[in-house]
Amino acid sequence: MYRVEKVLNHNALIGIPENTTQEYLILGKGVGFGKHVSETIDITDDCKIYSLKESTERGDKKDLATSIDPVYLEISNELLDGAEAEFKTIDRDVMLPLADHIEYAVKRSKNNEQLRNPLTDDIRVLFHAEFKVAEKSKDIIYDRLGVNLTDDEIGYIALHIHSSIMDQAVSQAMQMAEAVRQCVNLVEAETGKGIDIQSLSYNRLLNHIRYMIARTLKGEVIKLDMNDYVNAMAANSFKMATKICDELGKSLGKVIDSAEIGYLALHIERIVRDEID
């Protein structure tokens, strides 16, 4: 049983369990309809319950929950339902930051302000499944609000979805995409040709960087060092890999293990050879 503290709309309210003082955001079809402050209610199994105890980067969770238009809380909750169906286990704590982002994305669209995302194509490939889930927000938002979001906005939503399934902040996911883009830019400059982001070599490079970053953040190291061999075989690719690892380490605030350079260089060399051929 919950005591109603504040009704946000027909489908959202803030409630407090009996004999406690902890506040929760409760979302569910009709959960707030006809309800009044201090009324005691039962919560059905299809409702989603979010603790408002902790803070977010934007501040107090309760303040954030009450400042966001409830329709965006509903949209964010629905998207996470889709993510949960796809990935089985997710961290729903991203709901409020996701709702906050979607609200501003819609406002930008209504004001004809385009938020450019130069990493959209990289995010689409790097986080393919997450992007597919995020794309569902297009139909949801258009049906409810008559607003069309761009693929650039969908890319940012995909990063939030990724954050819900991985122990990784949105900013770190963006750094991963930036690392891929930096790597691609260096290779394109070296070969003088554009790289096909649909190619197998590109996808292998992309996934290697993804797991390289994950190892770095966890403090894991590769046991076999191939640096001498790779440097002798592909000096230019090794040089590019060294630069990428150095810059990426600075952005992550971590030292990337030197053994990672050789493996990254192998993937770069594969792309270089594919483009030359």
**Request:** State yes or no: is Glu103 within 22 Å of Gln175 (Cα to Cα) and at pLDDT 95 or above?
**Result:** no
**Prompt:** Can you name the residue in the range 244-274 that is of a type in the set (Lys, Arg) and within 19 Å of Tyr202 (Cβ to Cβ) and, of all such residues, is modelled with the lowest pLDDT?
**Reply:** Arg273
**Asked** Only one of these conditions is not met by His160: (1) open to solvent by less than 50 Å² (accessible area, probe 1.4 Å); (2) under 23 Å from Lys239 (Cβ atoms); (3) part of a helix (DSSP H, G or I). Which number is it?
**Response** (2)
**Message:** Checking the condition within 20 Å of Ala169 (Cα to Cα) and touching a strand residue (DSSP E or B) at 6+ places or on another chain (Cβ under 7 Å), which residue from Leu96, Leu119, Leu80 passes?
**Reply:** Leu96
**Message:** With the condition being surrounded by 10 or more Cβ atoms within 10 Å (Cβ to Cβ) and basic (Lys, Arg), I'd like the strands (runs of 3 or more DSSP E) fully within the range 1-47 carrying at least 2 qualifying residues.
**Reply:** 2-9
**Prompt:** Any idea which residue in the range 226-263 is least open to solvent (accessible area, probe 1.4 Å), counting only those that are charged (D, E, K, R) and assigned to a loop (DSSP other than H, G, I, E, B)?
**Reply:** Asp257
**Request:** Please work out if Leu266 is farther than 19 Å from Asp122 by Cα, among the hydrophobic types (A, V, I, L, M, F, W, C), open to solvent by 30 Å² or more (accessible area, probe 1.4 Å) and in a helix (DSSP H, G or I).
**Result:** yes
**Request:** Could you give me the residue pairs with C-beta distances under 8 Å whose first residue belongs to the range 218-241 and is in contact (Cβ under 8 Å) with a residue 24 or more places away in the chain, whose second residue is open to solvent by 80 Å² or more (accessible area, probe 1.4 Å) and in a helix (DSSP H, G or I) wherever it lies, and which are 6+ apart or on separate chains?
**Result:** Asn236/Glu190; Met240/Glu190
**Item:** Qualifying residues in the range 206-218 (those that are over 14 Å from Asp167 (Cα atoms) and not aliphatic (A, V, I, L, M)) - the one modelled with the lowest pLDDT
**Value:** Asn207
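The values are calculated or read from the model by the stated rules, or taken from the named source; none is laboratory data. The shown structure was predicted, so the numbers you read here are calculated from the model rather than taken from an experiment. Positions of Cβ are backbone-derived with ideal geometry, glycine not excepted, and every protein chain shown enters the neighbour counts. Accessible surface areas use protein heavy atoms only, side chains included; no ligands, DNA or RNA. Shrake-Rupley method; radii C 1.70, N 1.55, O 1.52, S 1.80 Å.
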